[in-house]
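The values are calculated or read from the model by the stated rules, or taken from the named source; none is laboratory data. As the structure is a prediction and not an experimental result, all values here were calculated from the model. Cβ sites come from the backbone with ideal geometry, for glycine too, and all protein chains shown count toward neighbours. What goes into the accessible areas is simple: the full protein's heavy atoms, side chains included, and nothing from ligands, DNA or RNA. Shrake-Rupley method; radii C 1.70, N 1.55, O 1.52, S 1.80 Å.
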Amino acid sequence: MATSELIEALQALAHERKIDEFYLIERLEQSLAKSYERILDLEWDARVTIDRQTGKIYVYELVPVGEPDEETGEYSEFEERDVTPDDVSRIAAQNAKGVISSLVREAGRQSIYDEFRGRVGDLVTGTVLQGTPNFTIIKIREGVEAELPHYDAKRNPGERNERPANEHYRHNQRLKVLIIEVRNPNADAPRARGEQARPAIVVSRTHPDLIRRLFEIEVPEIYEGVVEIKSVAREPGARSKVAVFSREANLDPVGACVGPKGSRVRMVVEELRNERVDVIQWSPDPAVYVANALSPAKVSHVSIDEDNNYATVIVPDDQLSLAIGKEGQNARLAARLTGWHIDIKPQSFQGASLVDVEMDDEVEEDDGFCIFVDEDGNRCRNHARPNSQYCGVHADAEAEA
């Protein structure tokens with residue numbers, strides 16, 4: 001390859017990959033210097049310069065001058081001796097392909113990092129390029145790809161799974177994804193397995209903020225800041241709960257998010273592949289907030305223990321299974337959404353404990369439960385014996401009374 005052809009190829013690559021041309025040449029000079037040290041069997045280090053206009057290559061051996069430093073043993077001054085071989089262009093061409101490929105890849109990752117490092121948390125639309133058992137490659141735009149990891153946690157502990165279990169993608173399918181990480185190519189932290197061959201951008205379809213960004217697109221009131229999403233709890237692919245609040249007293253935040261005939265929330269559900277989304281109204285009153293979070297179940301009473309961050313909820317007996325949900329899903333999401341530990345009890349069990357329930361200021365003595373109260377104020381949970389107000393355990397208390 002002629003020297004002029006080499007510089008033209010570098011310029012074309014730099015333009016195609018949007019990499020600074022001079023940075024690419026500098027890195028090539030550094031790499032070629034190490035190659036020529038080995039090829040020419042030099043005693044001292046080498047320095048390579050490439051003429052930016054003609055592409056001509058010069059190789060110099062850095063011969064030390066004077067005495068080394070007494071403490072470090074290193075030389076501070078060098079004399080450059082021209083050792084450029086006659087076939088310097090041929091040797092450079094033989095080594096340039098691998099060197100340039102590596103440099104272009106590294107420089108491209110740095111360019112992507114500089115562009116996207118401030119966009120973590122943004123929603124982007126991409127096209128599925130290819131899928132593997134462990135991750136899906138998504139094209140964000142020309143020259144920029146992202147990785148959607150979905151590793152099997154059992155076979156690959158420590159790796160991510162950002163794909164809902166109910167989702168599978170096909171080639172050229174368009175997806176909305178959330179950017180959750182942009183890998184820094186110069187970071188000192190341990191690298192992910194195979195990171196150099198994987199895209200620098202990591203995206204997710206399971207992150208709760210994906211729902212937040214989707215609602216910002218579909219609901220103008222959220223985008224404008226009139227309606228605020230206070231919290232999101234999600235079990236990807238199955239069900240989510242979103243708590244919303246309106247800064248305008250006359251605006252219904254739930255209605256704004258649901259839209260006419262459910263049109264707005266339907267668009268979010270379709271993008272999430274029919275994941276169920278419950279929109280509930282946030283309240284500064286913890287009891288009201290917890291009751292709303294358990295929707296669609298109807299709640300009779302909520303008592304709050306702020307010291308222990310504990311909420312005891314009483315529901316009608318026929319609402320108990322609805323409040324708990326399938327495999328505890330509704331209660332679990334409500335607890336995650338509100339940040340309160342929620343204990344759900346049926347109406348028929350409302351006399352179980354004075355501390356937990358607090359349905360009335362005074363204890364009803366004819367509710368069918370033992371009326372014994374210990375020194376800590378906790379009421380016995382046992383049923384009373386027939387024709388008695390005490391259970392068998394506390395029969396002595398009845399005799400003393």
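Looking at the range 163-277, what strands (runs of 3 or more DSSP E) fall wholly within it and have at least 2 residues that are touching a strand residue (DSSP E or B) at 6+ places or on another chain (Cβ under 7 Å) and hydroxyl-bearing (Ser, Thr, Tyr)?
In the range 163-277, the matching strands (runs of 3 or more DSSP E) lie at 239-246.
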Selection from the range 282-304 of residues that are more than 30 Å from Glu216 (Cβ to Cβ), open to solvent by 50 Å² or more (accessible area, probe 1.4 Å) and either out of contact with any helix residue (DSSP H, G or I) (no Cβ under 7 Å at 6 or more places or on another chain) or among the β-branched types (Val, Ile, Thr) (or both): His301, Ile304
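Report whether or not Tyr23 is at pLDDT 80 or above and touching a helix residue (DSSP H, G or I) at 6+ places or on another chain (Cβ under 8 Å).
Here the answer is no, as Tyr23 does not meet what is asked.
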Enumeration of residues in the range 118-138 that are among the aliphatic types (A, V, I, L, M) and free of Cβ contacts under 8 Å to residues at least 24 places away in the same chain: none
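Do you know which residues across the range 257-281 are touching a helix residue (DSSP H, G or I) at 6+ places or on another chain (Cβ under 7 Å), open to solvent by less than 40 Å² (accessible area, probe 1.4 Å) and not charged (D, E, K, R)?
Cys257, Gly259, Val265, Val268, Val277, Val279, Ile280 - these are the residues of the range 257-281 that are touching a helix residue (DSSP H, G or I) at 6+ places or on another chain (Cβ under 7 Å), open to solvent by less than 40 Å² (accessible area, probe 1.4 Å) and not charged (D, E, K, R).
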Considering the range 320-347, residues that are surrounded by fewer than 15 Cβ atoms within 10 Å (Cβ to Cβ) and among the small types (Gly, Ala, Ser), and then whichever is nearest to the chain's Cα centre (by Cα), we arrive at Gly339
From the list Lys56, Lys139, which residue is out of contact with any helix residue (DSSP H, G or I) (no Cβ under 7 Å at 6 or more places or on another chain) and among the basic types (Lys, Arg)? Lys139
Single residue of the range 203-238 satisfying the filter (touching a Pro at 6+ places or on another chain (Cβ under 7 Å) and closer than 16 Å to Leu123 by Cβ) that is most open to solvent (accessible area, probe 1.4 Å): Pro236
The strands (runs of 3 or more DSSP E) lying entirely within the range 34-133 that contain at least 1 residues which are open to solvent by less than 50 Å² (accessible area, probe 1.4 Å), closer than 29 Å to Glu21 by Cβ and polar (S, T, N, Q) are 46-50
Would you be able to say whether some residue in the range 96-113 is at pLDDT 85 or above, out of contact with any Lys or Arg (no Cβ under 8 Å at 6 or more places or on another chain) and of a type outside the set (Val, Ile, Thr)? no
Looking at Tyr36, Tyr23, Tyr75, Tyr60, which is the one that is in contact (Cβ under 8 Å) with a residue 60 or more places away in the chain and of a type in the set (Phe, Trp, Tyr)? Tyr23
